[in-house]
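The values are calculated or read from the model by the stated rules, or taken from the named source; none is laboratory data. Computed from a prediction, not measured in an experiment: that's the story for all the values here. Every residue, glycine among them, receives a Cβ derived from its backbone with ideal geometry; neighbour counts consider all protein chains shown. Keep in mind that these areas ignore ligands, DNA and RNA; they rest on the heavy atoms of the full protein, side chains included. Shrake-Rupley method; radii C 1.70, N 1.55, O 1.52, S 1.80 Å.
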Amino acid sequence: MVASSVASPLCTWLVAACMSVSCEKDHILKSSSSSIFQCSRRLSRPARRRKVVMPSQSLNVGGGLVSSFCASGIQNWLNSCLTFEPCEEYCNSEGLASSLACFSENAFSLLGYMAEPVVTRRRKRMTRTAHSGKVMAVAVQPEKESIPKKKPLKEKRRVVVTGVGVVSSLGHDADIFYNNLLEGVSGISHIENFDCSEFPTRIAGEIKDFSADGWVAPKLCKRADKFMLYMLTAGKKALSDGGITEDVLEEIDKAKCGVLIGSALGGMKVFNDAIEALRVSYKKMNPFCIPFATTNMGSAMLAMDLGWMGPNYSISTACATSNFCILNAANHIIRGETDMMLCGGSDSAIIPIGLGGFLACRALSQKNGDPTRASRPWDADRDGFVMGEGAGVLLLEELEHAKRRDAKIYAEFLGGSFTCDAYHMTEPHPDGAGIVLCIEKALAQSGMAREDINYINAHATSTPAGDLKEFDAVMRCFGKNPELKMNSTKSMVGHLLGAAGAVEAVATVKAIQTGWIHPNINLENPDKGLDTSVLVGPEKEQLEIKVALSNSFGFGGHNSCILFAPYKHG
């Protein structure tokens, strides 16, 4: 009775195995004909130290008599069948379901006997599998599903510059600002905002005629520090330049728009006024002195005005602040977190505490007789940098997003990098190791080759040590490039501290757009050892820029490099 009850499923399984052999015939013919049987012999081989004898039994299968089979022989025969999986045609039929049903309790009980415990480890595992109710089969070929599939690589999101805004001593419109640079106009003059007659330095790149009317609410204009007013104005001008009208603002996803504009020193005037008020009483202090003095509040106020709910913060890395902000803003777009970012920097420290602080560092030029000739990067007669003030803001946008709204594209942002000298608070590393590393990392991150770079807007502040260290580092990286040209925007606007990198980024983008690079003014007596063929002369020069590099370095050993290139379709 037991034998007959399992005869039909067993025969069905035999058919399945035979069909599997037929389906795999081509594969078996190419391989060794004995490999399958060797596999079955290994599966059924008893342990060496323990001999198991199975009694002979007769089994009635499908009305016929199967006799004189020893149990171990039947076991081998079954294992050889199980080395094949049913072929595809059989798997799609009803026979498979009926065959598997008989194995649900015990795969070996269908032969009409219960085998003794298996003696080898491998057979122990086989027995446990059989008793667990699972169908065990040794596949001739691995299943395709078991091969791990590689995830498709996501195409990197491209970042472009679609708007620029600037507030500087050379103008508050990007076109006017850059035209003045091309003409070699200096924005450095005698300080007028306070009496500095007792200071050894009395010159700066001071903004004389600034008004935030039409850009910032009148009440805020009365309360906020200049660094914040410069930032808000430059940011909104960048939006306007990028074609972001009120209608466009209503349509864009504000959750995917962010603001990342930094400052090196923040609201120094507001903070200084609060200290003076505190000398009388804390009750005389401006209740906005704390929020309006912090470096993040400019970005926050601009986001509140626009309703942009994406990433919003500031970075403060001294004079490298703007580049840090620009690169981090671009990374938010590349990672898909935002579609648009306003980024850059702003500073306004031309006040007694700011001027006095840098004088104490012995960092400022004292050429008060002719302010326009005081800032002279790479010139042998330089004696320190000239303070400047203002703001620069770029509107960065994801390429496809810009295309959909038919935006004007100034340039493409390729990437950049940061490093730290880890050497001194104010002095550059003696061998320029941090700068070289930063440039090398920027090239690697952007995928650009050395020969691709043919324009550098240098950090060059007009300090004795800094200018030479940067020049030497640049020559170590690009010295064999005959097309390379380098200039310093600071020769005309001074050093804008945390805003320097952003204003220089605006100049770099405009150079790409116009095909003209501005001169280095006051470079009359180049320092010894300089390759003057690399430096732009006293007149503007025409240059078809391939890739532009903009450097910014700051107190604390902060180094930053960012790369721009003309936008190419595709």
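Charge dipole of the stretch 347-466 (Cα centre as origin; +1 on each Lys and Arg Cβ, -1 on each Asp and Glu Cβ, all else neutral): 240 debye, rounded to the nearest 20. Summary of the geometry: the stretch 351-398 and the stretch 547-570, compared by the centres of their Cα atoms, lie 21 Å apart. The loop-placed GluC sites (Glu not before Pro) in the stretch 187-227, going by DSSP, that have at most 15 neighbouring Cβ atoms within 10 Å of their Cβ come out as Glu192, Glu198.
Taking the average, over residues, of other Cβ atoms within 10 Å as the packing measure, peptides 342-350, 466-474, 378-386 rank 342-350, 466-474, 378-386 from highest down. Amide hydrogen proximity for Met285: with H placed 1.01 Å from N in the peptide plane, no residue at 5 or more positions away or on another chain lies under 5 Å.
Spin-label pair Ser281-Lys208: with each label point 7 Å from Cα along the Cα-Cβ axis, the two points sit 4.2 nm from one another.
Would you mind checking Lys441/Lys546; Lys226/Lys254; Lys219/Lys254; Lys441/Lys469; Lys408/Lys510 for any pair whose Cα atoms are more than 23 angstrom apart?
Details: Lys441/Lys546 19 Å; Lys226/Lys254 27 Å; Lys219/Lys254 25 Å; Lys441/Lys469 18 Å; Lys408/Lys510 13 Å.
Over 23 Å Cα-Cα: Lys226/Lys254; Lys219/Lys254.
Here the extension length gained between Glu250 and Trp516 equals 92.1 nm, from 0.36 nm per residue of separation less the Cα-Cα distance. Taking all protein chains as shown and a probe of 1.4 angstrom, Ile334 keeps an accessible surface of around 50 Å². Distance between the 7 Å Cα→Cβ label points at Thr426 and Ile353: 1.8 nm. Dividing the mean sequence gap of close Cα pairs (under 8 Å, 6+ apart) by how many residues the stretch 422-570 holds gives a relative contact order of 32 percent. Distance between the C-alpha centres of the stretch 275-337 and the stretch 198-236: 15 Å, rounded to the whole angstrom. Let a ≥ b ≥ c be the square roots of the eigenvalues of the Cα gyration tensor of the stretch 237-390; is it rounded (a/c under 1.5), or, if not, prolate (a/b larger than b/c) or oblate? Here the stretch 237-390 falls in the oblate category.
Carbon-plus-sulfur accessible fraction, the stretch 419-503 (probe radius 1.4 Å, protein heavy atoms only): 58%.
For Lys528 and Met309, FRET efficiency with R0 = 51 Å and r from the beta-carbon atoms, rounded to 0.05? Before the final figure, lay out each step's value.
Numbers: r = 55 Å, r/R0 = 1.07.
Here the calculated transfer efficiency is 0.40.
Most tightly packed first, judged by the mean number of other beta-carbon atoms within 10 Å of their residues, the peptides 529-541, 391-403 read 391-403, 529-541.
Over the stretch 506-570, what percent of the accessible surface lies on carbon and sulfur atoms, probe 1.4 Å? Don't skip to the answer; put the middle values down first.
Details: 1370 of 2690 Å².
Ligands and nucleic acids excluded, carbon and sulfur reach 51 percent.
Taking 0.36 nm per residue of separation and subtracting the current Cα-Cα distance, fully stretching the chain between Asp173 and Ala217 would add 13.9 nm.
For the stretch 253-410, the solvent-accessible area of protein heavy atoms averages 38 Å² per residue (probe radius 1.4 Å; ligands and nucleic acids excluded). Can you send over the carbon and sulfur percentage of the accessible area for the stretch 199-307, probe radius 1.4 Å, protein chains only? Roughly 57 percent of what the probe reaches on the stretch 199-307 is carbon or sulfur. Among 255-261, 437-443, 174-180, sorting by the average number of other beta carbon atoms lying within 10 angstrom of each residue, highest first, gives 255-261, 437-443, 174-180.
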